[in-house]
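Asks: Structure incoming, see below.
The values are calculated or read from the model by the stated rules, or taken from the named source; none is laboratory data. These numbers come from a predicted model, not from an experiment. Ideal geometry is used to build each Cβ from the backbone, glycine not excepted, and the neighbour counts take in all protein chains shown. Protein only, heavy atoms only, side chains kept; ligands, DNA and RNA dropped before computing areas. Shrake-Rupley method; radii C 1.70, N 1.55, O 1.52, S 1.80 Å.
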Amino acid sequence: MASLRSLAVAFLALAVAASARLPDGRAHANLPRTPRVPVVSPPSGVLTDVTGATLPPLNTTYVFDQLIDHTNPALGTFKQRFWTTWQFYEPGGAIVLFTPGEANAAPYTGYLTNRTINGLIAQQEKAATIVLEHRFYGTSTPYGNLEESSLKFHTIQQAIDDLEYFAKNVVLPMPGGDAVKPVTQAPWILVGGSYSGALTGWTLVNKPGLFQAGYASSAVVESIVDYWGYFEPIRQFMPKNCSADVEAVVAHVDQVFTNGTKAQISALKANWGLQNVTHLDDVSGALRNNLWTWQDLSPDSGPGQEFFNFCDALEVKNGVSAPASGWGLNHALTAWGSYWKNGYLQELCGGDDTEDCLGTYDPTQTYYTNTTIGNDGRSWEWIVCNQVGFFQDGAPQNHPTLVTRLVQPASDERQCTYFFPHTLPKPTTPDIASTNVAYGGWNAVTPHLFFANGQRDPWREATVSADTAPAVSTAQQPIALGDGYHCSDLIVANAVVDATVAAVQTQALAAIKGWVAAFKPSGRRALRFERD
């Protein structure tokens, strides 16, 4: 079995290397980052359970026979990977289930431990912890490829049904692991962040009573096509001088690219070293890359982070920082261009031709056509193009914008046809209405669901803490808002440096304690698991 596992890991590494062409792991530099949860390193050393017995290493991989299609079980099953530990488990305790969502789950074993909110819950509730790989990510793929004919089984509802089928049928490799079924035998707690946080909320809405409690961090529950709101928390919380100058430059770009002469347009493209990029929306859209690095920030981020390096390049002149109003267009335009040409463009594209790196109009690029396992970005684009949208474009005309208004959802919808020409032969708006109706979006109400959000999270405007969300915090569905960034509250170390994150975690633990205490079990049988 060890040799099979080694072969699987080697195959996955090759697939990831083939799909992640750029230094930052993306396949294309005009591709937004996915909303995935941050990785947390697991502790080193040997772990023991409450009896002192040595536990299997955290990276021990198990597989579960998951249904390919929950509407047609006759299609058979596929091997869905999971990881588990029972460091804190005691008989009668809970089960904490977590999926990282749109990512290979192998690096997420830190979420089995008390370095995360998962482990804090497990300690409190004497629980075992599980990390489950989402279908169509990592190696948990039914047909060994990411062709459209396979991806038709990749839907939000199938993922929700996976969680139910797993919880009801898995036999965990711990003592008593055959007698911990949800509802009938043990309280299960579902935890997620970002997309998987939304999946937590959607599951509690869709499968009422299955999970005794849910913890949804930075949960993007409201599907939105024109998600210009991604940049709104960035605009609100970034240094004011930097936002003022970025807005000035972007307004200038829109004016020149819309009304300028050929010479003016060529000169402006060359300002960033992008004279060889053909389409103007690709040139202007490329500038989002400096803003997307905001998603890398956490409560302990300081000087040296890419986002702050960018702002320093615009706002520090001869050792002096600009006032809140910024230095103005002329300096900011030149400084931004110098920042790109003096290293950032090389860092972004890794030496690739700028048209290959940033152009989005060639449907033959491997960016669009790579269907190998491990190309997790493709799996996420399938959900984006069909069910959730989240196209990160310029703000409306009546609102300040950090992003060019030349980039609009039509551009993203065009690219969806390149990714999935058989399913989406012409540009089509993602069916977000069905998603929001099915799972409630901002309006979902379900008991025992804790929402945890961060003011500075660029995904905030798709959560129940959005500026325009109608959701109200209640005792049965609390909404806690700290000063953190994306999924900051999932990580215990963030609470050490940010009291508001600590307060969110404390509030969540108290709510979950009460909900789990109300659980009343009864007996039921289960199926078997299989070790990879």
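Asks: At 0.36 nm per residue, minus the direct Cα-Cα distance, what do Gln255 and Ala270 gain on full extension? Give it in nm, one decimal, please. Provide the component values of the computation, followed by the final result.
Replies: On the way: separation 15, 0.36 × 15 = 5.40 nm, distance 1.62 nm.
Full extension from Gln255 to Ala270 adds 3.8 nm.
Asks: State the answer as a single residue: which of Pro100, Thr51, Gly441 lies farthest towards the positive end of the charge dipole of the chain, with beta carbon charges of +1 for Lys and Arg and -1 for Asp and Glu, about the Cα centre.
Replies: Value computed over the given set: Thr51.
Asks: Using the crude model of +1 on Lys and Arg Cβ and -1 on Asp and Glu Cβ, and no other charge, please compute the dipole size for region 230-419 relative to its Cα centre, in debye to 20.
Replies: Values: 10 positive and 22 negative charges, 108 e Å.
The calculation lands at about 520 debye.
Asks: Would you mind giving the average projected area, over all directions, of the Cα convex hull of the chain in nm² with one decimal? Numbers along the way, then the final one.
Replies: Values: hull surface 97.9 nm².
Seen from a random direction, the Cα hull of the chain projects 24.5 nm² on average.
Asks: Could you check how much of the accessible area of the chain is carbon and sulfur, as a whole percent, using a 1.4 Å probe?
Replies: Its accessible area is 55 percent carbon and sulfur atoms.
Asks: May I pose another question? So for region 230-419, considering every pair of alpha-carbon atoms, how many percent are separated by more than 19 Å? Intermediate results must be reported in sequence, preceding the final value.
Replies: On the way: 11198 of 17955 pairs.
Value for region 230-419: 62 percent of Cα pairs lie more than 19 Å apart.
Asks: For region 372-529, just the Cα set please: Rg and Dmax, both in angstrom.
Replies: Considering region 372-529 through its Cα atoms, Rg and Dmax are 19.9, 60 Å.
Asks: Considering Cα pairs under 8 angstrom that are at least six residues apart, work out the relative contact order of region 230-419 and quote it in whole percent. Intermediate results must be reported in sequence, preceding the final value.
Replies: Numbers: 179 pairs, mean separation 61.4, N = 190.
About 32 percent, as a whole number.
Asks: Helix 329-339 versus the longest principal axis of the chain: what angle, 0 to 90°, nearest 10, using Cα atoms?
Replies: The answer is roughly 60 degrees.
Asks: Taking the Cα atoms of region 9-154, report the difference between the largest and smallest coordinate on each principal axis, in whole Å and largest first.
Replies: 48, 42, 26
Asks: Let me ask something else. Give the list, by residue number, of cysteines in the chain with no other Cys Cβ closer than 4.7 Å, or say none.
Replies: Cys487 - these cysteines have no disulfide-compatible partner (Cβ-Cβ under 4.7 Å) in the chain.
Asks: Further question on the same structure: For region 128-203, count all C-alpha to C-alpha pairs, find those more than 14 Å apart, and express that count as a whole percent of the total.
Replies: Numbers: 1888 of 2850 pairs.
Percent of Cα pairs beyond 14 Å in region 128-203: 66.
Asks: Using only the Cα atoms of region 163-231, construct the convex hull and provide its projected area averaged over every direction, in square nanometres to one decimal.
Replies: Details: hull surface 22.0 nm².
For region 163-231, the mean projected area of the Cα convex hull comes to 5.5 nm².
Asks: Further question: Using Cα pairs closer than 8 Å and at least 6 residues apart in sequence, work out the relative contact order for region 122-256, in percent. Mind dumping the intermediate values first?
Replies: Values: 111 pairs, mean separation 19.4, N = 135.
Value for region 122-256: 14 percent.
Asks: Also, quick follow-up: Structure shown: which of Lys262/Lys317; Lys126/Lys181; Lys152/Lys426; Lys269/Lys341; Lys79/Lys126; Lys168/Lys207 lie over 23 Å apart, alpha-carbon to alpha-carbon?
Replies: The answer is Lys262/Lys317; Lys79/Lys126.
Asks: Moving to a separate point now. For the charge dipole of the chain, defined by +1 on Lys and Arg C-beta atoms and -1 on Asp and Glu C-beta atoms about the Cα centroid, which residue among Pro42, Val225, Gln87 has the Cα displaced farthest towards the positive pole?
Replies: The one lying farthest along the dipole's positive direction is Gln87.
Asks: Further question: Give me the distance in nm between label points sitting 7 Å out from Cα along the Cα-to-Cβ direction at Ser301 and Val472, one decimal.
Replies: 3.4
Asks: Once R0 is set to 60 Å, what does the formula 1/(1 + (r/R0)^6) return for the Cβ-Cβ distance between Val46 and Lys341, expressed as a FRET efficiency to the nearest 0.05?
Replies: Working: r = 51 Å, r/R0 = 0.85.
Given R0 = 60 Å and the Cβ-Cβ separation, E is 0.75.
Asks: With every protein chain left in place, what is the accessible area per residue of the chain in square angstrom, probe 1.4 Å? Let's see the in-between values first.
Replies: Details: 19830 Å² over 532 residues.
On a per-residue basis, the chain sits at 37 Å².
Asks: Taking the Cβ of Val384 as the centre, find all other residues whose Cβ is under 11 Å away and add up their charges (Lys, Arg: +1; Asp, Glu: -1).
Replies: Details: positive: Arg378; negative: Glu102, Glu381, Asp412, Glu413.
It works out to a net charge of -3.
Asks: Report the far tail of the P(r) of region 313-398, meaning the percent of Cα-Cα pairs longer than 15 Å.
Replies: On the way: 2749 of 3655 pairs.
Considering region 313-398, 75 percent of its Cα-Cα pairs are separated by more than 15 Å.
Asks: Follow-up question, since we're still on this one. Two decimals is fine: what's Rg over Rh for region 46-86, C-alpha atoms, Kirkwood radius as Rh? Intermediate values should be presented prior to the final figure.
Replies: On the way: Rg = 15.3 Å, Rh = 12.3 Å.
Rg/Rh: 1.24.
Asks: Once R0 is set to 25 Å, what does the formula 1/(1 + (r/R0)^6) return for the Cβ-Cβ distance between Glu148 and Thr184, expressed as a FRET efficiency to the nearest 0.05? Working shown, then result.
Replies: Numbers: r = 39 Å, r/R0 = 1.55.
So, using R0 = 25 Å, E works out to roughly 0.05.
Asks: How compact and how long is region 317-367, expressed as Rg and Dmax of its alpha-carbon atoms in Å?
Replies: 15.8, 47
Asks: What do you get when you divide the Cα radius of gyration of region 365-435 by 2.2 N^0.38 Å, with N the number of residues?
Replies: On the way: Rg = 13.4 Å, N = 71, 2.2 N^0.38 = 11.1 Å.
With N residues counted in region 365-435, Rg over 2.2 N^0.38 Å equals 1.21.
Asks: Using the Cα atoms of region 216-321 to build a convex hull, what is its mean projected area in square nanometres? Kindly include the intermediate steps, with their values, before the conclusion.
Replies: Numbers: hull surface 35.8 nm².
For region 216-321, the mean projected area of the Cα convex hull comes to 8.9 nm².
Asks: Right, another one. If you line up the long axis of helix 499-517 against the longest principal axis of the chain, both from Cα atoms, how many degrees apart are they, to the nearest 10?
Replies: Tilt relative to the chain: about 30 degrees.
Asks: Pop out the ³J(HN,Hα) list for region 25-30 in order, Karplus 6.51 cos²θ - 1.76 cosθ + 1.60 with θ = phi - 60°, rounded to Hz; leave Gly and Pro as x.
Replies: Karplus-based 3J(HN,Hα) across region 25-30 equals x, 7, 8, 7, 7, 9 Hz.
Asks: Nearest 10 degrees, 0 to 90: what angle lies between the long axis of helix 2-19 and the longest principal axis of the chain (Cα atoms)?
Replies: The angle comes out near 20 degrees.
Asks: Going by Cα centres, region 85-146 and region 322-366 are how many Å apart?
Replies: Measuring centre to centre over Cα atoms gives 38 Å.
Asks: I'd like to compare 431-437, 295-301: which one has the highest average count of other Cβ atoms within 10 Å, and what's the full order after that?
Replies: Values: 431-437: 16.1, 295-301: 18.4.
Ranking the peptides 431-437, 295-301 by packing returns 295-301, 431-437.
Asks: Bin width 10 Å, origin at 0, all Cα-Cα pairs of region 338-382: what percent of pairs per bin?
Replies: Bins of 10 Å from zero give 24, 40, 29, 7 percent of pairs.
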